[in-house]
2 protein chains.
Amino acid sequence: MPDPSDVSVRTIAQSEMRTINRSAVLEYLRLVKAASRTEIAARLQISQPSTGRIIDELIESGLVRSSGRKERLRGRSRDLLELNADNNLVIGIDLGGSHISGAIVNLGGEILQKFTDSAIGGSGEENFDKLAGFLRLLQTEAQRLPARILGAAIGVPGILDSRAGLVRLAPGLDWIDFPLRQRLERISDLPLILENDVNLAVLGEFWYGVGRGVRDLVMVAIGTGIGAGIILDGKLHRGYSESSGEVGYILPGIQFLNHKYPGFGALESVASGKGIADQALKKWPLFHAGESPPEMEAVDVFRAARDGQPWAVQVVSETIDYLSLALGNIIVCVDPELVILGGGIASSASMLIDPIRERLTGVIPRLPRIEESALKERAALLGAVVRVFQNFTDYTVVASG
Amino acid sequence: MPDPSDVSVRTIAQSEMRTINRSAVLEYLRLVKAASRTEIAARLQISQPSTGRIIDELIESGLVRSSGRKERLRGRSRDLLELNADNNLVIGIDLGGSHISGAIVNLGGEILQKFTDSAIGGSGEENFDKLAGFLRLLQTEAQRLPARILGAAIGVPGILDSRAGLVRLAPGLDWIDFPLRQRLERISDLPLILENDVNLAVLGEFWYGVGRGVRDLVMVAIGTGIGAGIILDGKLHRGYSESSGEVGYILPGIQFLNHKYPGFGALESVASGKGIADQALKKWPLFHAGESPPEMEAVDVFRAARDGQPWAVQVVSETIDYLSLALGNIIVCVDPELVILGGGIASSASMLIDPIRERLTGVIPRLPRIEESALKERAALLGAVVRVFQNFTDYTVVASG
DNA sequence: TATTATTACTTACAGAAAGTAAGTAATTTT
DNA sequence: AAAATTACTTACTTTCTGTAAGTAATAATA
């Protein structure tokens, strides 16, 4: 019998009604880009006076503006409203497997400034220092701009504990139980959000990329490792221990049960950027006896396969087998409307999608749309806007800058 | 750019506030079994007068009653309220792979009457006739009881289209695009709900079984086939095309990509009740040259393995490998707090759970609790109560019988 | 060009539900 | 029996949404 204090049942107070309806209006404006009060009232089934009051608040708070444009039919023309993109900035930082990038992005998803540094992978402290430098730089630059900063979101390739503000495990950054929030709060007074990097990426695609308007989608990011971000019913699904979508640990065969995978999963060992390179290094000598193999990264393997080199063709074919299996298993579990392929090898996604579709046809009951990331390496940076904005509108209801 | 009319954004009206809070009170009473007005108000953060008004409505509508019991501390004793189990009945029917069972269940999860018939699997029309007979019988019996009937829920082993009321695909029943709701409406005027059988089962465990108080759980039912029911954030996850949890189609190795699986998936071919028997029939002759194999069902294989017969030990070990792989892949995708093993082989679950835990330890990042179904073959029948009740309280806000 | 029709938005007030504060009711303690 | 304590209710306020009737802005028409 559960303890009563564990029960999480949501009630609702008068004031939350306004919050909910305000969120709905914001969501609607985001999706349709521009709409009049009358249209909003009709579509969202709230009365015109309520709509007007909500819009007044949103304009007052700086989140929405009248675009100046008018829509005219017969009578008085409609005053088109839109999100006030220019006035609301977010700082996004993406800690990748091998690089770090950060940007100042506005609410419209436009990147105003972007910085990148390729060297990541030293000690945990070095990586933190690099991150801290990025945050300081971006905040300084953003403060020069004539707009308010809503906050910053940082995408971390690993498993987080949001409540405690810890990075539980991020092997690529050499962080174990690293108190990231606490450390960053000493550097910046902005509202800070820590999020899994692929979760940020799927949020980016959800608002600004191929996921627009889709309510159930999965983004599979294949880079140094493999991870998935899952949005169900329009809401990011994090899982009980915030480790949903750790699909790098998918087991692509029962023979994989006999190994342990500390920090780098079974699927990752054969189908991630690193896995592909490893497989290629094993395969290459079979075709080039006696020679010493060249520098090998996943892109090189894909290029060689495109050129028709047999060793590479074989590796790519096997990679596609493993990815097909992984996508198939994800799909039969969660049944999304759309699967997005992204991450470092998104540039090769066009080589993958059709073969994957072909391998899965008839093998699983229903194949969803599978598409290439539209935002590529910008996905997580734009996802930062989504994450901060959702946080901002959820909590700071009317307050403004 | 999405069409505005596709946008599904929820707004909220004054009257819905009451609905939401009423649902919260019901949910709380369900979880704690009995509570006073004061306790409810304190726990759910609603004022005492509001709580009182809601309780008045719920008593008026017959869903809640004062239990008569009192809780006493120092001053006036608390009037303990509880769900009015005796006054609210639901008819549940579970269409299994080989049998049909139906029951009259009260809101407390007590089965008042139960009927079972083993023969299912003829033509689609024969199966429908059998179902129709069960529904008529149960309704007649239920109407004799001095309580109102909230509705009936039918668990179907297949993929549904709830909106259209169709059974899209249920191979075991010989139904393809079968207009089940329409056909049943001619027989009964009760509110009828069609639901996937494993979805019903997981709802049953969620309210009345080992899933009580858990908000993210997966139930894997292994019977003739293999299916999963998924509850995320306290809500049944159905997926975009209502085919989430079709884990019988999980691919347990890339070699499974080379076959088509119409109606019976790759995992099912090796690890379902039927799959286990098939594997055993292949393995048996290797140990008994010349002899003709006995009647073989999954339970026989498990029994033989428990007796230490080598052919059966091998088959069970392989089955456990495949199930470990399947559970591992489900877990890394959705990250549940709890995985429940159920279905026909739930009786052998105790033989499976520890070996599965062992095989997955260190292989995936975090192992959730894995437990045996508490309700066994009653899970879906009790899940019917949950499903009907949720429907009833969502729609029939104040109206009552 | 002035008038009318049409549509967009606003204002004034009504209704609904939650909340506050101060009651009454039922027990235990003194 | 009176006081203290706790549970529930009643009376009234606040905060939302909604309805109906305005005013505002534009196109169509005379």
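Where nothing but the Cβ of Lys and Arg (+1) and of Asp and Glu (-1) is charged, how large is the charge dipole of chain B around its Cα centre, in debye to the nearest 20? List each step's numbers first, then the result.
Working: 42 positive and 48 negative charges, 327 e Å.
For chain B, the charge dipole is close to 1560 debye.
Under a point-charge model restricted to the Cβ atoms of Lys and Arg (+1) and Asp and Glu (-1), what is the dipole moment magnitude of segment A:14-120 relative to its Cα centre, in debye to the nearest 20?
Values: 15 positive and 13 negative charges, 145 e Å.
Rounded to the nearest 20 debye, it is 700 debye.
Taking the Cα centre of chain B as the origin and placing charges on Cβ (Lys, Arg +1; Asp, Glu -1), which of B:111, B:304, B:364 is farthest toward the positive end of the dipole?
Farthest along the dipole direction, towards plus: B:111.
What distance in nm lies between label points placed 7 Å from Cα along the C-beta direction at residue A:187 and residue B:86?
Reported label-point gap for residue A:187 and residue B:86 is 6.6 nm.
Which order results if B:116, B:140 are arranged by neighbouring Cβ count within 10 Å, fewest first? Walk me through the numbers before you get to the answer.
On the way: B:116 13, B:140 9.
Ascending number of Cβ neighbours within 10 Å: B:140, B:116.
So, by mean Cβ neighbours within 10 angstrom, what's the order for A:56-67, A:260-271 with the highest one leading? Could you put the intermediate results ahead of the total?
Values: A:56-67: 16.6, A:260-271: 20.3.
Descending mean neighbour count gives A:260-271, A:56-67.
Provide the percentage of antiparallel DSSP beta bridges, counting only those with both residues in the protein assembly as shown; round to the nearest 5.
Antiparallel bridges: around 60 percent, rounded to the nearest 5.
Reported to two decimal places, what Rg/Rh ratio describes segment B:6-97 when computed on Cα atoms with Rh from the Kirkwood expression? Don't skip to the answer; put the middle values down first.
Working: Rg = 16.3 Å, Rh = 15.0 Å.
Looking at segment B:6-97, the ratio lands at 1.09.
Given the peptides B:92-104, A:184-196, arrange them by the average over their residues of other C-beta atoms within 10 Å, most packed first.
Details: B:92-104: 22.8, A:184-196: 17.8.
Per-residue mean Cβ counts within 10 Å order the peptides as B:92-104, A:184-196.
Across the residues of A:324-330, average count of Cβ atoms on other protein chains within 10 Å? Display every interim value, and only then the final one.
Details: counts 3, 10, 3, 1, 6, 13, 6.
Mean shielding by partner chains, rounded to a whole number: 6.
If you take the square roots of the eigenvalues of the alpha-carbon gyration tensor of the protein assembly as shown and sort them as a ≥ b ≥ c, do you get rounded (a/c under 1.5), prolate (a/b over b/c) or oblate? Before the final figure, lay out the partial values.
Details: a/c = 1.76, a/b = 1.06, b/c = 1.66.
Here the protein assembly as shown falls in the oblate category.
When only Cα pairs under 8 Å and 6 or more residues apart are kept, what is the percent relative contact order across segment A:1-144?
Values: 174 pairs, mean separation 21.7, N = 144.
Reported as a whole number, the value is 15 percent.
For segment B:205-318, calculate the relative contact order in percent as a whole number, restricting contacts to Cα pairs under 8 Å that are 6 or more residues apart.
Values: 144 pairs, mean separation 18.8, N = 114.
17 percent.
At q = 0.08, 0.10, 0.11, 0.13 Å⁻¹, what base-10 log of I(q)/I(0) does the Debye formula yield for chain A when every alpha carbon is treated as an equal point scatterer in vacuo?
Here log10 of I(q) over I(0) equals -0.48, -0.73, -0.87, -1.14.
What's the average, rounded to a whole number, of partner chain beta-carbon atoms within 10 Å of each residue's beta-carbon in B:254-265? The partial results should precede the final answer.
Working: counts 10, 3, 4, 10, 3, 2, 3, 4, 3, 1, 0, 4.
Taking the mean over all residues of the peptide, I get 4.
Counting only other chains, what is the mean number of Cβ atoms within 10 angstrom of the Cβ of each residue in peptide A:354-365?
Working: counts 0, 0, 0, 0, 1, 4, 3, 1, 4, 11, 9, 12.
Average neighbour count from other chains, rounded to a whole number: 4.
Place a +1 charge on the Cβ of each Lys and Arg in segment B:311-401 and a -1 charge on the Cβ of each Asp and Glu, then give the dipole magnitude about the Cα centre in debye, rounded to the nearest 20.
160
Have a look at B:46, B:96, B:25 and report the one farthest towards the positive end of the charge dipole of chain B, computed about the Cα centre with Cβ charges (Lys/Arg +1, Asp/Glu -1).
Positive-most Cα among the choices belongs to B:46.
Please report, for residue B:161, the nm distances (one decimal) from its label point, 7 Å out from Cα along the beta-carbon direction, to the equivalent points in the remaining copies, shortest first.
4.8
Please sort A:148-154, B:46-52 by packing, taking for each peptide the average over its residues of neighbouring beta carbons within 10 angstrom, highest first.
Details: A:148-154: 23.6, B:46-52: 15.0.
Descending mean neighbour count gives A:148-154, B:46-52.
Determine the calculated [θ] at 222 nm for chain A from helices alone, applying -39500 (n - 2.57) to every DSSP H run no shorter than 4 residues and normalising by the residue count; nearest 500 deg cm²/dmol. Could the numbers behind the result be given before it?
Working: 12 runs with 163 residues, N = 401.
Counting only the DSSP helices, I get -13000 deg cm²/dmol.
As an exercise, use a Förster radius of 51 Å and the Cβ-Cβ distance of residue B:118 and residue A:303 to find the FRET efficiency, rounded to the nearest 0.05.
Values: r = 61 Å, r/R0 = 1.19.
About 0.25, to the nearest 0.05.
Taking 8 Å as the Cα distance limit and 6 or more residues as the minimum spacing, I'd like the relative contact order of chain A as a percentage.
Numbers: 730 pairs, mean separation 64.6, N = 401.
It rounds to 16 percent for chain A.
Rg and Dmax of segment B:189-301, Cα atoms, in Å?
Rg and Dmax of segment B:189-301, Cα atoms, are 17.8, 59 Å.
On C-alpha positions alone, give me the angle between the axis of helix B:379-395 and the longest principal axis of chain B, in degrees, nearest 10.
Tilt relative to chain B: about 40 degrees.
What gaps in nm, shortest first, separate residue A:49 from its twins in the other copies when you place the label 7 Å past Cα toward the beta carbon?
Spelled out, the distances from residue A:49's label point are 2.2 nm.
May I ask for the Kirkwood hydrodynamic radius of segment B:54-180, worked out over all distinct Cα pairs and given in angstroms to one decimal? Write down the numbers at each step before the final one.
On the way: mean 1/r = 0.0593 Å⁻¹.
Averaging 1/r across every pair of different Cα atoms and inverting gives 16.9 Å.
Run the label-point distances for residue B:62 please: 7 Å along Cα to Cβ, every other copy, nanometres, shortest first.
Going from nearest to farthest copy, the values are 5.7 nm.
Just the Kirkwood number for segment B:15-66, please: inverse of mean 1/r across all distinct Cα pairs, in Å, one decimal. Intermediate results must be reported in sequence, preceding the final value.
Working: mean 1/r = 0.0927 Å⁻¹.
It works out to 10.8 Å.
Bear in mind these aren't lab numbers, they're just calculated from the coordinates by the rules spelled out. Since the model is a prediction, treat every value here as computed from it, not as a measurement. Cβ sites come from the backbone with ideal geometry, for glycine too, and all protein chains shown count toward neighbours.
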